[in-house]
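The values are calculated or read from the model by the stated rules, or taken from the named source; none is laboratory data. Everything numeric here is computed off the predicted structure, so don't read it as measured data. So basically every Cβ, Gly included, is an ideal-geometry build from the backbone, and we count neighbours across all protein chains shown.
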Amino acid sequence: MACFLSQTQIYTGGKVVVTRKFHPRDTLKIIEQEKVTTTFMVPTQFNVILELPDKDIYDVSTIRSLVTGAAPLSTRTKEQVIEMFQCDLHEMYGLTETGLITNMKPRDALRKVRCVGQPFFYMEMRIVDERGHDVPHGEVGEIVARGPLLLRAYYKNQDTYNDAMVDGWFYSGDLGRVDEEGYLYLVDRKKDMICSGGVNIYPMDIEEVLHSHGMIREAAVIGVPDSKWGEAVMAFVVLKEGEEMTEADVIRYCKAHLAGYQVPKSVQFISALPRNPSGKTLKRELREPYWIGQEAKI
């Protein structure tokens, strides 16, 4: 996404500052020294910047707009980012296979919670059920899209491509819903949904609550095997530097903000979540140890 967005600067004779490695303090220094006007960061990068005790000593007033994507931005983080940078914030949703699909414009950034905006003019998007039929506004279904940037094939993997493409539409594997104004809300990855006691549980709902806690930097929720319920909710929590919490503390907080069936049955504290180069959490790596020897797939 960052590469796509930097093309505008290149085409208009602007300057693009590229760093070898992300470091929160160095990023703020570069913004100040180079008078950066636009930058792209994933939620994890915003979170570690917000934790810097000396973040306010850097002049970031040249920033006119920030762009984020790759993973959902929690409401708490979004509010803090806007307060710190005092600029426009665009939250975008897209896939490698489709290019950018939607853009949450700054005027709606805080009005629409957990929303990633409306489709770009060149993209078509639908929300469909298991049979490929459109679902009504407000109902959850799979996000499918098509447009001029659509991938033509997977290298040496035509079968996977054929499974994802149906009648010219790319099936994203993401669950979402669209409101009456045409705004898209991400619900979760289809494969990440937890089925516990016959009830569908969306990890993103639980993660949003965990991210709202002042001591938690980031969190991920998965389903683990359970002999009674089929799957049980488990949370992985990364605390902010210097903070301390117990499993009981986390569960107590969740009970105050979630329905009973959504509350994690167990909590693991880890130093960092596994992520791919684009910043997306690798939940498969979190699930794998718990599903070894199980008949169900992860």
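Could you check, for region 207-217, whether at least one of its residues is in contact with a Cys (Cβ under 9 Å, 6 or more places away or on another chain), part of a strand (DSSP E or B) and of a type outside the set (K, R)? Looking through region 207-217, none of the residues is in contact with a Cys (Cβ under 9 Å, 6 or more places away or on another chain), part of a strand (DSSP E or B) and of a type outside the set (K, R).
Please list, ordered by residue number, the strands (runs of 3 or more DSSP E) wholly in region 106-197 having 3 or more residues that are under 20 Å from the mean Cα position of the chain (by Cα).
Details: elements: 124-128, 141-146, 169-178, 184-189, 194-196.
Answer list for region 106-197: 124-128, 141-146, 169-178, 184-189.
Of the set (1) touching a helix residue (DSSP H, G or I) at 6+ places or on another chain (Cβ under 6 Å); (2) within 27 Å of I206 (Cα to Cα); (3) not hydroxyl-bearing (S, T, Y), all apply to D59 but (2).
The residue that is surrounded by the most Cβ atoms within 10 Å (Cβ to Cβ), counting only those in region 127-180 that are at pLDDT 90 or above and basic (K, R), is R177.
The residue that is nearest to K78 (Cα to Cα), among those in region 1-56 that are among the β-branched types (V, I, T) and part of a loop (DSSP other than H, G, I, E, B), is V42.
Across region 235-256, what is the number of residues that are outside any loop (DSSP other than H, G, I, E, B) and farther than 26 Å from P225 by Cβ? First the steps, then the outcome.
Start the filter on region 235-256 by keeping residues that are outside any loop (DSSP other than H, G, I, E, B), which leaves 235-239, 247-256.
Checking which are farther than 26 Å from P225 by Cβ leaves us with 239, 256.
Qualifying residue count, region 235-256: 2.
Residues of region 125-172 that are of a type in the set (D, E), without any contact (Cβ under 8 Å) to a residue 24 or more places away in the chain and closer than 30 Å to E208 by Cβ: D129, E130, D134. Could we say that A164 is under 30 Å from V48 (Cα atoms) and of a type outside the set (D, E) here? Answer is no for this residue.
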